[in-house]
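The structure appears below as structure tokens.
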Amino acid sequence: MRSQRFLMPACLLVIASSAQAQVEKAPVQSTYLEYLRYQQYVHSASENTQLGQETLFDALVGYRLTEDTAVKFRLDIDPNRGSVDNKTSKLNFRLLHKYEQFEFQADLLLNGDDNKRGATTVGLDSTSKYSWISYTPVSQLKVVFYPYNFGTEIGREFRTWDVARLYYIEGTPAYISNLPIENESIGTKTLPGLEVQYSPIENLTAYAGVGSAGFFYPATPGFTIEENAASERWKVKEDRGYKAGAYYRTTETFALFEYATHTNAEQGGSMLDAAWSLQLNQRFGPAVVNFERTWTKAANNAYRLNNEMSWFQDIAPFRPVYSDYYGNRQDWLGKTDAATMLKAGYTFGAITPFLAYKFIGQYFIDRERESAQRLRTADETASHGGLRMLVVGADYTAGKFNFRPEVEFQEAKNAVFGNRTDVREDRILSELNKKDTVVKLTTSYIY
């Protein structure tokens, strides 16, 4: 990567107010593309050609109204967020305004079929970290209030979903059965919160934040969603989240440590109890080295939800928590594990060839398809058991665009990869493989 901005972790886009930076750069009364990311799995040994099957597309287009005001439109297609047949995962409008020492951004969500009644509605995105109000009393200090989500995604190469994300039963039923009745559904909450950022020197920023939210939970003593799912009374429980971190950035160096946790992952059906990450990018003239190690601590009671996140996936038999083919809890629940990447590249003009090595622990949980809850044996009794990946690729920079073709050679301890010559209706009967080769293409643009 030739430009330093490509080294900046996505989790810092909010912290560094990337949106504000675009307002300052774009001419008044002009339309601009703030960023674009397109990722396509081209081919794999396990599934053959995959073009058009799993496409990640994320783009933000803005229009600068005045010196201090902009409106934006975001199109987000993410197969890891329940997007099916390349349909949108999210469609958002944003309004950004700056007034003296204050900044305000509202993130609105467009719902094209509200409550499945054909109505199109626009309202505030209740789980978005891109709605915020910030105050900068002095240049070294910033205070940010997030009314819906104070931002607990961790990692870059191995990026988690929000650590502090809760799931609860809407409708407060007397008994939770395998199928929803009347107005029952799964509700989702992230934590509103406050963050303080402090920069003691020009290149160093430290931050800390706290958030809290209430959610409905059965009040019957001894309630468990797996074995004793009856409760005549419900009450409001609290989940409190914390995050902290620091990053140091110069033209040659970027270093980051970040941590996030919350207090009620078990009753909230969350995937993660905590996560933390250490990242280092260092340039030595034309050479660049990237390192990342990210840890996750899985929650004990993670709900297994369908693609629409509206109810539990396994309803016959009813298994609300991640379970294997035989009904036993999956082995990653409650476990701590890590993923590591070491990457080196060398720049020749506009091209930077690179070589990377990755190792993903058998209990590591993130948003990618190699995560321990997704890449499993045929009977789901075990994950990949530890996944080693050798990656060969190159970055080609043309103006503000970056093109990255890459080939991943993957080897798992357990047989978890599909077999394109043995595809069956019942996956447990298929003979899976321990190795796979994947070809990917990523295109990115930053204003």
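Working only within segment 428-439, note down all residues that are open to solvent by 100 Å² or more (accessible area, probe 1.4 Å) and over 29 Å from LYS343 (Cα atoms).
Narrowing segment 428-439 to residues open to solvent by 100 Å² or more (accessible area, probe 1.4 Å): 429, 431, 434-435.
Hits for segment 428-439 are LEU429, GLU431.
Of note, LEU280 does not satisfy the criterion of being among the hydrophobic types (A, V, I, L, M, F, W, C), open to solvent by less than 10 Å² (accessible area, probe 1.4 Å) and touching a residue at least 24 places away in the same chain (Cβ under 8 Å).
Across segment 257-277, what is the number of residues that are more than 18 Å from SER212 (Cβ to Cβ) and either surrounded by fewer than 23 Cβ atoms within 10 Å (Cβ to Cβ) or not aliphatic (A, V, I, L, M) (or both)? Residues in segment 257-277 being more than 18 Å from SER212 (Cβ to Cβ) and either surrounded by fewer than 23 Cβ atoms within 10 Å (Cβ to Cβ) or not aliphatic (A, V, I, L, M) (or both): 4 in total.
Taking each residue of segment 297-312 that is in contact (Cβ under 8 Å) with a residue 24 or more places away in the chain and more than 20 Å from ASP366 (Cβ to Cβ) and looking for partners that are surrounded by 15 or more Cβ atoms within 10 Å (Cβ to Cβ) and of a type in the set (Val, Ile, Thr) with beta-carbon atoms closer than 7 Å, six or more apart or interchain, yields SER310/ILE186; TRP311/ILE186.
Going through segment 229-277 one residue at a time, which ones are polar (S, T, N, Q), assigned to a loop (DSSP other than H, G, I, E, B) and either touching a residue at least 40 places away in the same chain (Cβ under 8 Å) or on the phi > 0 side of the Ramachandran plot (or both)?
Our first condition is that a residue be polar (S, T, N, Q); within segment 229-277, this holds for 231, 250-251, 253, 261, 263-264, 267, 270, 277.
Narrowing the set further to residues that are assigned to a loop (DSSP other than H, G, I, E, B) leaves 231, 250-251, 263-264, 267, 270.
Selection gives SER231, THR250, THR251, ASN264, GLN267, SER270.
Looking across segment 367-415 at every residue that is open to solvent by less than 10 Å² (accessible area, probe 1.4 Å) and acidic (Asp, Glu), the one that is farthest from TRP295 (Cα to Cα) is identified as ASP395. Every condition in (1) surrounded by 14 or more Cβ atoms within 10 Å (Cβ to Cβ); (2) under 26 Å from THR253 (Cα atoms); (3) among the charged types (D, E, K, R) holds for ASP125 except the one numbered (2).
Restricting segment 330-339 to residues that are assigned to a loop (DSSP other than H, G, I, E, B) and among the hydrophobic types (A, V, I, L, M, F, W, C) leaves a set whose member that is least open to solvent (accessible area, probe 1.4 Å) is TRP332.
I'm trying to understand the selection: among the residues of segment 290-329, which are part of a loop (DSSP other than H, G, I, E, B) and over 21 Å from TYR168 (Cα atoms)? Correct list: ASP324, TYR325, TYR326, GLY327, ASN328. Would you mention how many residues in segment 388-436 are among the polar types (S, T, N, Q), in contact with a helix residue (DSSP H, G or I) (Cβ under 9 Å, 6 or more places away or on another chain) and in a loop (DSSP other than H, G, I, E, B)? Residues meeting the conditions: 0. When the residues of segment 170-212 are narrowed to those that are part of a loop (DSSP other than H, G, I, E, B) and farther than 30 Å from ASP314 by Cβ, which ends up modelled with the lowest pLDDT? Ranking the candidates gives GLU202 first. Just so you know, in segment 311-329 the residues that are among the polar types (S, T, N, Q) and open to solvent by 10 Å² or more (accessible area, probe 1.4 Å) include one that is modelled with the lowest pLDDT, and it is GLN313.
If only residues of segment 162-196 that are surrounded by fewer than 20 Cβ atoms within 10 Å (Cβ to Cβ) and over 19 Å from PRO218 (Cα atoms) are counted, the one that is nearest to the chain's Cα centre (by Cα) is PRO192. The residues of segment 30-46 that are at pLDDT 90 or above and open to solvent by 60 Å² or more (accessible area, probe 1.4 Å), listed by number, are THR31, ARG37, TYR38.
The values are calculated or read from the model by the stated rules, or taken from the named source; none is laboratory data. None of these values were measured; they are calculated from a predicted model. Ideal geometry is used to build each Cβ from the backbone, glycine not excepted, and the neighbour counts take in all protein chains shown. SASA here: full protein model, heavy atoms, side chains in, ligands and nucleic acids out. Shrake-Rupley method; radii C 1.70, N 1.55, O 1.52, S 1.80 Å.
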